[in-house]
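Laboratory data are not the source of any read-out in this text; all were calculated from the coordinates shown. As the structure is a prediction and not an experimental result, all values here were calculated from the model. Here the Cβ positions follow ideal geometry from the backbone for every residue, glycine too, while neighbour counts run over all protein chains shown.
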Amino acid sequence: MLKTKGGRLGLEAGSKPELLTVLALSSDNGVIICNGYKDRDYIRLALAGTRMGLSVYLVIEKLSELPLILNECRRCGTTPLIGIRLKLASIASGKWQSSGGERSKFGLTASQLPGAVEQLRDAGMLDCLELLHVHMGSQISNIRDIQNGLGETAQFIVQLTKMGIHIRVIDVGGGLGVDYEGTRTRSECSVNYTLAEYADKVVQTLASACAQFKIKMPDIFSESGRALTAHHAVLITNVIEVEKHDFEIPAEGVNEADFLQELYHQLNALQLDKPIHEIYHDLGSAMQDIQDRFNQGTLSLDERAKAEQLKYAICYRLHAEIDPANHSQQAIRNELEE
C-alpha cells in the first residue's frame, strides 16, 4: 500500500515494536504518527526518525508525556514535531462511542490545553506544535455526528491560532465507517453517507471556519483503518432460504376485545393520513398493554397471536409510508428495519 499510494499514505505507531517496524518501512519524507504510551525509549526512537528526515509527529495524549519529550529533545538537540490529542465534548453514537468524547481514555481536555501550551511556550518550543489530533469514535454511522465533531475541532484551531500557534496539520482520527449491511442507515453496522460525502464534510467544515477567521487551511490526515482494510475479506455463501414477510390481516370479529379494536383502528388510521409518529407511538403503548394482560393471565394465546399479526401488518404498512428524505421519520424507520 505504501508503494502504490505515492507518498499519500503514512503510518501510525502505538508501541515501541510498532515504531521500530514503521521506521524501517517508511519511505523518504514519510509521515509517522506516534500515539499510545510513551516512555524515554519510545521518544528517543521517534526523534531518531526525525533525524532520518521523516515527519514523525509525537502526539501528546497525557500531560505527563510533555516534560519527557521536552527533556529528551534538549538532551539530543533534536527539534521535534509535536501534536496534541484533544478530547471533544461532541460524541458520536454507536457501538464504539466510548472511544471518543470527553470520557475517552486518551487525549487532553479543554481545561488542560492552555497548560500544555504554556509549557511549550516556556521551553521556547511553541513553534514545534504543528498537529491537532481528535478522535470522534469508530464506525460512526451518522454523518451529522461527524459534522458536529469537526465543528468543535475547527473552533479549537481558531482558539489556538489566537494564542499564536500555527496548526499545520489536523488529524481527524478514525470514524469513517463501512456499510456492512448495505442499508445506508444509522444502524451500528451501516453508515448513512458515502465516502465522497464524508470527505466533503471534513473538508468543507474545516475550510469554512478557516475562511471565516482568515486562517491558513491545515493539511488533513485521517486514520481510516477500518475503511481501508475491511473490504479485503468477503464471506460468500449459498442462499438456502429467504424469509417472506407476508403479513396477512386477520378478519375483524363481531365482538372483538377493546385492545384488538384499538389495533384495527390504528391500521385504518394509516389510510386517514394520521401522522406516522403518532401511529407508531400508539402502537407501542397498545402492545405494552397487551403484553401486561398476557402476563397477568387475562389474555388468551389466540388473542395475543391475533394482536401480533395486526402489529406486524401495521409496522409493514408504516415502513412503506415513510419518506426516506424525511429526517424526522428516520429514527422510526431504523427501528422498523431492525
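Key figures
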quantity: Fraction of beta bridges assigned by DSSP in the chain that are antiparallel (%, nearest 5); calculated: 5 percent
quantity: Dipole magnitude of the range 258-337, debye to nearest 20 (Cβ charges: Lys/Arg +1, Asp/Glu -1, about Cα centre); calculated: 140 debye
quantity: Ordering of 250-256, 56-62, 330-336 by burial proxy (mean other Cβ atoms within 10 Å per residue, highest first); calculated: 56-62, 330-336, 250-256
quantity: Signed unit charges on C-beta, dipole axis of the range 104-145, positive-most listed residue GLY107, MET125, ILE143; calculated: ILE143
quantity: Dipole of the chain, positive direction: furthest Cα of TYR312, LEU19, ILE276, with charges on the beta-carbon; calculated: LEU19
quantity: Computed magnitude of the charge dipole of the chain (debye, nearest 20; Cβ of K, R +1, Cβ of D, E -1); calculated: 2440 debye
quantity: Rounded tilt (10° steps) of 113-122 against the dominant C-alpha axis of the chain; calculated: 10 degrees
quantity: By average C-beta atoms within 10 angstrom, highest first, the peptides 14-25, 222-233; calculated: 14-25, 222-233
quantity: Lys, Arg +1 and Asp, Glu -1 on Cβ, resulting dipole of the range 192-338 about Cα centre, debye, nearest 20; calculated: 880 debye
quantity: Folded to 0 to 90 degrees: helix 195-212 orientation relative to the chain principal axis, Cα; calculated: 60 degrees
quantity: Length-normalised contact order for the range 258-337 - Cα pairs under 8 Å, 6+ apart - percent; calculated: 35 percent
quantity: Value of relative contact order over the chain, rounded to a whole percent, pairs C-alpha under 8 Å and six or more apart; calculated: 10 percent
quantity: Two-site label geometry, SER111 and ALA325: point separation in nm, points 7 Å out along Cα→Cβ; calculated: 4.7 nm
quantity: Nearest-ten-degree value, helix 258-269 long axis tilted from longest Cα axis of the chain; calculated: 70 degrees
quantity: Burial ordering of TYR37, TYR316, fewest other beta-carbon atoms within 10 Å first; calculated: TYR37, TYR316
quantity: Environment charge of THR161, counting only residues whose C-beta is closer than 10 Å and scoring Lys/Arg +1, Asp/Glu -1; calculated: +3
